[in-house]
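A quick write-up on the structure given underneath.
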Amino acid sequence: MDPGRGGPGRSRDPPLHVRTPRGRRRSPSRPSAAWVQARRSTQCPTAPAPPGPGAGREPQHGSWADLPADILGLVVGRLPRANDRVRLHAACHAWRAAGRSHGRPPPPLPLLVLSDFALSSFCADGAMTRARRLPLPSRETAVDVRCVGSFQEWLVGVQLNKGRYFGDGRCFLMNAFSREVIYLPPPSVSTHFIDAYSRSLPIANGSGTVHCTVNGAQYVMSFCKVDLSYSPDPDSKCAVAAISVHRSSAKLALWRTGMTSWCVCQGGCMSKFSDIALYQGKVYTFSKFTTNLFVFDITEDDSGLMVSHVERCVAKLPEVGESYRQTWNIVEWHGKLLLVVTYIGGEGGWHNICKIGVFEVDLSTNPFRFTEINSLDGDCIFISPCSSNSFRACQYDRVEGDLIYFIDGGLYPAKNAPPFNRSVYSMRDGAMAPFAAEIPDYNLRAPDSSLMNPTWLFPSE
């Protein structure tokens, strides 16, 4: 995303010489003084004035910075990739101001962020660009830093403590474009000197209890996925929900602006989650092993966020006879919750995908109603272990709609696990095709061959 770097779509300097016909020699032409001055300047280069009646006189030069704002606004709207917009905004202050003042352009196409913070851009034709690593904060340059979530321009990073059983030592939010960093409380602490506040809640419609603690004396967490409710602006009440699995122990962690500690929840329903989502002030989690959807009501008090109610909802989904197992991904689409179900099994083996089902979740009924849908009204869905979302493909001419892009292997891939499912599914005809072949498999694995979960990033502008 560095505007100064090369890559597809980068601008190139004009040639300083041209090829002459064979048998004739011509000395290379020297660049004009105006061009040399523009290359040395930090301002926008000046364009030569067109020839006129007074061509023999000293030419008058106009500035690229004086391009009309409405033209620059149209240019920005026709740049679907976020890194191209960053390059335009970085040209000069006038271009940056004009590009933002002429209306709001449609959001750029999504970016795929690998676990090591390397970015790959999704293109209008469905291809992915070569991944380039984002510069990290000076405190987070170690190799054990990984990306575990995103929201709009913000990425969530954690750094593993040295030692196998120490969990994550730091957690931070980083703006992928401005490089602004916000540090959250550490996911693992050995001693808290503030009085702990806890609450135990029975699971409605189920068995067992959930125990939630703020300012706990000791806890160890290793985050798999982190979800945000809002962009963490100074005036927003940004809430954060995180899934932690450490030494086979699963936890749900909650945080909002102003808290100095996580609200850590654990209990009988905290088996490994298939997915988690923050939606309308509640946390929705899907169990990995059963079709149970758990809903956590969240309240705020003097200690910060706290769970006030937990309910189990049984999801009755259609069965596919040849499927061996199912995976679930929760996606928000036009203010609704969708459940994307991948049925795995069939003749191709246990890792073969035999069906994709998309269900709209009706939260007004008890139990919830799941209705299968066959169209996204021209939109697309992008699914990854750490972030999934919908995108309005109709905003760009060459982006095909009603497609679901997968680069997914579950939240808890084992060492030497099979490669990620990298495919695109058409809701119009049920066809599946390979996807993201431009990203080598080794870019998705750690040095010990374990899979490293990527996350989709959806910039707002």
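The values are calculated or read from the model by the stated rules, or taken from the named source; none is laboratory data. These numbers were taken from a predicted model, which means no experiment stands behind them. Positions of Cβ are backbone-derived with ideal geometry, glycine not excepted, and every protein chain shown enters the neighbour counts. Each accessible area value is taken on the protein alone, full model and side chains, heavy atoms only, with ligands, DNA and RNA left out. Shrake-Rupley method; radii C 1.70, N 1.55, O 1.52, S 1.80 Å.
Points worth noting:
- Residues (open to solvent by less than 40 Å² (accessible area, probe 1.4 Å) and either assigned to a loop (DSSP other than H, G, I, E, B) or touching a residue at least 40 places away in the same chain (Cβ under 8 Å) (or both)) located in the stretch 386-402: C386, S387, S388, S390, F391, Y396, V399, G401, D402
- In the stretch 262-316, residue most open to solvent (accessible area, probe 1.4 Å) [restricted to those that are farther than 18 Å from V358 by Cα and among the acidic types (D, E)]: D302
- Wholly enclosed strands (runs of 3 or more DSSP E) of the stretch 148-187 bearing at least 1 residues surrounded by 23 or more Cβ atoms within 10 Å (Cβ to Cβ) and not hydrophobic (A, V, I, L, M, F, W, C): 154-160, 168-175
- Check on I383, modelled with pLDDT of 90 or more, open to solvent by less than 10 Å² (accessible area, probe 1.4 Å) and hydrophobic (A, V, I, L, M, F, W, C): yes
- The condition of being under 28 Å from L155 (Cα atoms) and among the small types (G, A, S) holds for S222.
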